[in-house]
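Following: one structure in structure tokens, then a few remarks.
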Amino acid sequence: MQMLYDLDIYMRIALVEVKCRLYHRLVEEGKQYPVLCRRLASLNEEFISHKSSSAGFDFTSGKRIEQKLLDYNQDAERFGGYAYEELSEVSPDHRHLAYTMYDKDNDCFKLFVRNLDFGLLCSKPQADRVSNIAWAKDGQALLYVVTDDNKRPFRLYCSMLGSNGEDVLLLEEPRENIYLNIRHTKDFRFLTVNTEAE
């Protein structure tokens, strides 16, 4: 049996017109951490009508209704039995998930990108001390902000997925009392770089 955990239907994803999907988290019986799942919005009624533990697969049509994307219990094994996700954002084309996990040994959030078609971690970008993420170029580029030793967000990088090149430093804020962040506009057509004074 599965119980619904923290039903997060990410509006930023639902607003994307490409292959509209619904994302949510659930905790499986006997597990400590949730599993991130998705399903096509058009199959939502079929999914919620299932009452058995086999929900997620329609045996009549032979269609898989729900896909498990990320099992945080497995990530907890990589981080010494502890899993805490700070940020997560699915790419506009629904092919990648960028997320940060807390590394308690280094006291920082690490950035990972997972290919959702194959369930594998991408070789890049991987970065430490990440405080902010946002997709650009229809999911071909990931922008992220890293912090300095005092946990002040101060550098903005761009990583092109599939590229072998180094991530590009786009902006560095030298003033100690200024914090950087990035956000999508309400229509998700643009990204803005914002600064805030301490």
### Summary
Apart from one, (1) free of Cβ contacts under 8 Å to residues at least 40 places away in the same chain; (2) touching a Ser or Thr at 6+ places or on another chain (Cβ under 8 Å); (3) not acidic (D, E) all hold for K186; the odd one out is (2)
### Task
Please find, within segment 160-183, the residue that is nearest to L121 (Cα to Cα) out of those that are touching a residue at least 12 places away in the same chain (Cβ under 8 Å) and touching a Phe, Trp or Tyr at 6+ places or on another chain (Cβ under 7 Å).
D167
### Residues (crowded, with 18+ Cβ neighbours inside 10 Å and not in a strand (DSSP E or B)) located in segment 76-88
A83
### Pairs with Cβ under 9 Å, 6+ apart, first in segment 81-95 and polar (S, T, N, Q), second not in a strand (DSSP E or B)
S88/Y10; S91/L116; S91/D138; S91/G139; S91/Q140; S91/L161
### Query
Is it fair to say S54 is among the small types (G, A, S) and either modelled with pLDDT of 75 or more or in a strand (DSSP E or B) (or both)?
no
### Task
Output the number of the condition that T100 fails; it satisfies all remaining conditions of (1) surrounded by fewer than 20 Cβ atoms within 10 Å (Cβ to Cβ); (2) hydroxyl-bearing (S, T, Y); (3) touching a Phe, Trp or Tyr at 6+ places or on another chain (Cβ under 9 Å).
(1)
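Considering segment 129-156 alone, what residues qualify as being under 17 Å from L97 (Cα atoms) and surrounded by fewer than 20 Cβ atoms within 10 Å (Cβ to Cβ)? Lay out the reasoning, then the answer.
Restricting attention to segment 129-156, the residues satisfying the condition of being under 17 Å from L97 (Cα atoms) are 130-145.
Scanning segment 129-156 gives A136, K137, D138, G139, Q140, A141.
Please state which one of S163, S159, S123 is hydroxyl-bearing (S, T, Y) and surrounded by 17 or more Cβ atoms within 10 Å (Cβ to Cβ).
Values: S163 fails: surrounded by 17 or more Cβ atoms within 10 Å (Cβ to Cβ); S123 fails: surrounded by 17 or more Cβ atoms within 10 Å (Cβ to Cβ).
Only one candidate passes the filter, namely S159.
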### Query
For segment 67-115, how many residues meet the condition of being polar (S, T, N, Q) and closer than 22 Å to W135 by Cβ?
5
### Query
Just wondering, is there one or more residues in segment 121-137 that are closer than 23 Å to Y84 by Cβ, in a loop (DSSP other than H, G, I, E, B), touching a strand residue (DSSP E or B) at 6+ places or on another chain (Cβ under 7 Å) and of a type in the set (S, T, N, Q)?
yes
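Return the residues of segment 156-183 that are basic (K, R) and in contact with a Ser or Thr (Cβ under 8 Å, 6 or more places away or on another chain); say none if nothing qualifies. Break it down into steps so the answer makes sense when it comes.
We begin by selecting, within segment 156-183, every residue basic (K, R); these are 175, 183.
Matches in segment 156-183: R183 only.
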### Query
Applying the selection to segment 89-110, what residues are in contact with a Ser or Thr (Cβ under 8 Å, 6 or more places away or on another chain) and either part of a loop (DSSP other than H, G, I, E, B) or under 16 Å from L120 (Cα atoms) (or both)?
L97, A98, Y99, T100
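Just to be sure I understand, how many residues within segment 103-115 are crowded, with 17+ Cβ neighbours inside 10 Å and modelled with pLDDT under 90? Break it down stepwise before answering.
Start the filter on segment 103-115 by keeping residues that are crowded, with 17+ Cβ neighbours inside 10 Å, which leaves 103, 108-114.
Add one more test, that the residue is modelled with pLDDT under 90, and what stays is 103.
Of the residues in that region, 1 qualify.
The values are calculated or read from the model by the stated rules, or taken from the named source; none is laboratory data. Quick caveat: nothing in here was measured; it's all calculated off a predicted structure. Glycine also receives a Cβ, built like all others from the backbone with ideal geometry; neighbour counts cover every protein chain displayed.
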